[in-house]
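> Sharing a structure here in C-alpha cells format.
The values are calculated or read from the model by the stated rules, or taken from the named source; none is laboratory data. Remember, predicted model here, so these are calculated numbers, not experimental data. Quick reminder, even Gly has a Cβ in these numbers, built from the backbone with ideal geometry, and neighbours come from all protein chains shown.
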Amino acid sequence: MLKGFSGYLQTDGYSAYNDVESVTRVGCWAHARRKWVDCFEGKKPVEGSQSEKAFAYVEKIFALEACWRDMSPDERQKHRMAEMKPVMDAYWNFLSSFSSEKDSNLQKAQTYLLHQRKQLEAVLLDGRLELTNNVAEQTVKPFVMARRNFLFCDTAKGADASALCFSVIETAKRNKLDPFGYLLFLLQELPKLGSEPTREQLLPLLPWSTALPEYCHLS
C-alpha cells in the first residue's frame, strides 16, 4: 500500500512499518501515555511510583502542545525545540535510570517506550506533525465497527473498491465536504478524463481544491 510513498508516516508502534525504508516513522504519544496507565492500580497512579513519575512527563508534553495548537507549523516547531525537547530529554533519562520487575506492566512500558524513542522524538522534526495519530484511528473506527458488513467483499477487487470509496468519503469529511455531493461530482467528472488522467487534470478534483462546485460543500 505504501509503495512509492515517501515522507512522514505516523502510526502506533507496529513493527511492520519499520520495513518501509522511504518513510520517516513518527510515533504516537497517546500510545506512550496509555502504557503508563496500564501500570496504574484501578487506573489511578500510585503516588511516588515510577509509573506516576513517567506519566507526569508525558502529561507535561501534552500540556505544552495544547498551548501551541493555534500557531503556525514553523512557530510550533520552534516552541517544541525550545520547550518540549528538554522535557523529552529528561523523560528518556528517567526511563533509563531505573530497573523494573521482569514481565511486569512497568517493564513492558519501559521497554516499549525506550524502543520507540526515535519514532516518538520525530514529532520535533516538523511543526505540521501531530503529537498523536488519534485522528487516523478515529477515522478508521467506523470501518472496524462495521467489519461484519465487509464479509461480503469476497473478492480482492470488491475489497479494493470498498476501501477506495471509504477513503474518499473519510477524506471528504475531513475537508468539510458533503460526501454525497463530492462523490456525485467525482462520478460525473472522472469519466471525462479517460483511463489515465494526468496529475494536472486531477488537481481541481481533489477534496481540498478551491475549484469544487458549491454542492460539494456542507451547507
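> Please determine whether any residue of the stretch 100-118 is over 23 Å from K53 (Cα atoms), of a type outside the set (K, R) and touching a helix residue (DSSP H, G or I) at 6+ places or on another chain (Cβ under 7 Å). Give the derivation first.
Taking the stretch 100-118 as the starting set, the residues that turn out to be over 23 Å from K53 (Cα atoms) are none.
Checking the stretch 100-118: not a single residue is over 23 Å from K53 (Cα atoms), of a type outside the set (K, R) and touching a helix residue (DSSP H, G or I) at 6+ places or on another chain (Cβ under 7 Å).
> A follow-up question, please. Is it true that some residue in the stretch 56-63 is surrounded by 15 or more Cβ atoms within 10 Å (Cβ to Cβ), β-branched (V, I, T) and more than 14 Å from Y112 (Cβ to Cβ)?
Yes; the residues of the stretch 56-63 include at least one that is surrounded by 15 or more Cβ atoms within 10 Å (Cβ to Cβ), β-branched (V, I, T) and more than 14 Å from Y112 (Cβ to Cβ).
> While we're here: Of the residues that sit in the stretch 124-150 and are in contact with a helix residue (DSSP H, G or I) (Cβ under 7 Å, 6 or more places away or on another chain) and under 14 Å from T11 (Cβ atoms), which one is surrounded by the fewest Cβ atoms within 10 Å (Cβ to Cβ)? If you could, list the steps in order and put the result at the bottom.
In the first step, residues of the stretch 124-150 are kept if they are in contact with a helix residue (DSSP H, G or I) (Cβ under 7 Å, 6 or more places away or on another chain); the result is 124, 126-129, 131-132, 134, 139, 143, 150.
Then drop every residue that is not under 14 Å from T11 (Cβ atoms), which leaves 129, 131-132, 134, 139.
Working: L129: 18, L131: 23, T132: 20, N134: 13, T139: 16.
Among them, the one singled out is N134.
> Looking at D103, is it of a type in the set (D, E), farther than 14 Å from E121 by Cβ and either without any contact (Cβ under 8 Å) to a residue 60 or more places away in the chain or not assigned by TED's automatic domain parsing to the domain that holds S51 (or both)? Break it down stepwise before answering.
Values: of a type in the set (D, E): yes; farther than 14 Å from E121 by Cβ: yes; either without any contact (Cβ under 8 Å) to a residue 60 or more places away in the chain or not assigned by TED's automatic domain parsing to the domain that holds S51 (or both): yes.
The answer is yes for D103.
> Also, I was wondering about something else. Which is among the hydrophobic types (A, V, I, L, M, F, W, C) and not in a helix (DSSP H, G or I), of F62, F98, F94, F55? Full working, then the answer.
Details: F62 fails: not in a helix (DSSP H, G or I); F94 fails: not in a helix (DSSP H, G or I); F55 fails: not in a helix (DSSP H, G or I).
Sole residue among the options that is among the hydrophobic types (A, V, I, L, M, F, W, C) and not in a helix (DSSP H, G or I): F98.
> Moving on to the next point. For the subset of the stretch 2-32 comprising residues that are of a type in the set (S, T, Y) and either at positive phi or assigned to a loop (DSSP other than H, G, I, E, B) (or both), which member is surrounded by the most Cβ atoms within 10 Å (Cβ to Cβ)? Quick ask: steps written out before the conclusion?
Of the residues in the stretch 2-32, the ones of a type in the set (S, T, Y) are 6, 8, 11, 14-15, 17, 22, 24.
The next check asks that each one be either at positive phi or assigned to a loop (DSSP other than H, G, I, E, B) (or both); those that pass are 6, 11, 14, 22.
On the way: S6: 11, T11: 18, Y14: 7, S22: 11.
Among those residues, the one meeting the criterion is T11.
> Let me ask you something else. So for the stretch 26-47 (the condition being touching a strand residue (DSSP E or B) at 6+ places or on another chain (Cβ under 6 Å) and within 25 Å of A109 (Cα to Cα)), does at least one residue qualify?
Here is the first cut: in the stretch 26-47, the ones touching a strand residue (DSSP E or B) at 6+ places or on another chain (Cβ under 6 Å) are 26.
In the following step, the residues that additionally are within 25 Å of A109 (Cα to Cα) were identified as 26.
Yes, that holds for at least one residue.
> Right, another one. Inside the stretch 125-210, counting only helices (runs of 4 or more DSSP H) that do not spill past its ends, which hold 2 or more residues that are more than 30 Å from W29 (Cα to Cα)? Working first, answer last.
Details: elements: 134-145, 156-174, 179-189, 199-202.
By residue number, 156-174, 179-189, 199-202.
> Check E65, E41, E21, E83 and return the single one that is in contact with a helix residue (DSSP H, G or I) (Cβ under 9 Å, 6 or more places away or on another chain), free of Cβ contacts under 8 Å to residues at least 60 places away in the same chain and of a type in the set (D, E, K, R). Show your work before the answer.
Values: E65 fails: free of Cβ contacts under 8 Å to residues at least 60 places away in the same chain; E41 fails: in contact with a helix residue (DSSP H, G or I) (Cβ under 9 Å, 6 or more places away or on another chain); E21 fails: in contact with a helix residue (DSSP H, G or I) (Cβ under 9 Å, 6 or more places away or on another chain).
It is E83.
> Restricting the stretch 171-219 to residues that are on the phi < 0 side of the Ramachandran plot, charged (D, E, K, R) and exposed (fewer than 13 other Cβ atoms within 10 Å of the Cβ), which is farthest from the chain's Cα centre (by Cα)?
So the first thing to find is which residues in the stretch 171-219 are on the phi < 0 side of the Ramachandran plot, and the list is 171-175, 177-193, 195-219.
Right, trim to charged (D, E, K, R) and you get 173-174, 178, 189, 192, 196, 199-200, 214.
Those left that are additionally exposed (fewer than 13 other Cβ atoms within 10 Å of the Cβ): 174, 192, 196, 199-200, 214.
Numbers: R174: 14, K192: 35, E196: 31, R199: 26, E200: 28, E214: 30 Å.
So, considering only residues that are on the phi < 0 side of the Ramachandran plot, charged (D, E, K, R) and exposed (fewer than 13 other Cβ atoms within 10 Å of the Cβ), the one farthest from the chain's Cα centre (by Cα) is K192.
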